[in-house]
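Undergrad: Got a structure here, written out as structure tokens. Questions coming.
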Amino acid sequence: MADDSIDRVISNCVINLVPDKEKAFSEIFRVLKPGGKFTVSDIVVDGNISEKERQDASLWAGCISGALDKQAYLAIIRKVGFIKISVLSEKKYYYRLEDPTAGLHSVTLTAIKP
């Protein structure tokens, strides 16, 4: 896609499967026109996902292994240049991780390219 050529990008739990999320969000930023928006639903975590869980193929397929800490996820979006980042919804995702204090959440968020 050409730079600054897209009005809107949407994603439903796909960025979670991308190992380099900063690269993914950088590409979204690159193709969006100024004033363009993205809306993404994804799984994030508060707490830790063990290395064993990160390597489990069935957990990758379930969008769990690729989950980042919510604050780290939002930091990547800010780092690549997006503004007006808004969490539209957030729901607890029920799955027991090895870390009993960790929690998975399904978030839907949006942001704008200035």
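Undergrad: To test your reading of the geometry: what angle, between 0 and 90 degrees and rounded to tens, separates the Cα axis of helix 21-31 from the longest principal axis of the chain?
TA: The answer is roughly 20 degrees.
Undergrad: Quick one: check the C-alpha center-to-center distance for segment 79-93 versus segment 19-69, whole angstrom.
TA: Here the two parts' Cα centres lie 12 Å apart.
Undergrad: Next question. Please go through segment 38-109 and write out the GluC sites (Glu not before Pro) that DSSP classes as loop and that have at most 12 other C-beta atoms within 10 Å.
TA: Here the sparse-neighbourhood loop sites are GLU98.
Undergrad: Within segment 6-112, what percent of beta bridges assigned by DSSP are antiparallel, to the nearest 5?
TA: On the way: 18 of 26 bridges.
Beta bridges within segment 6-112, antiparallel portion: roughly 70 percent.
Undergrad: List the chymotrypsin sites (Phe, Trp or Tyr not before Pro) within segment 30-107 that DSSP assigns to loop and that have no more than 11 neighbouring Cβ atoms inside 10 Å. Let's see the in-between values first.
TA: Working: sites: PHE38, TRP60, TYR73, PHE82, TYR93, TYR94, TYR95; in loops: PHE82, TYR94, TYR95.
Qualifying residues, ordered by number: TYR94.
Each value in this text was obtained by applying a stated rule to the coordinates, not by laboratory testing. Everything numeric here is computed off the predicted structure, so don't read it as measured data. Here Cβ is always computed from backbone atoms with ideal geometry, including for glycine, and neighbour counts include all displayed protein chains.
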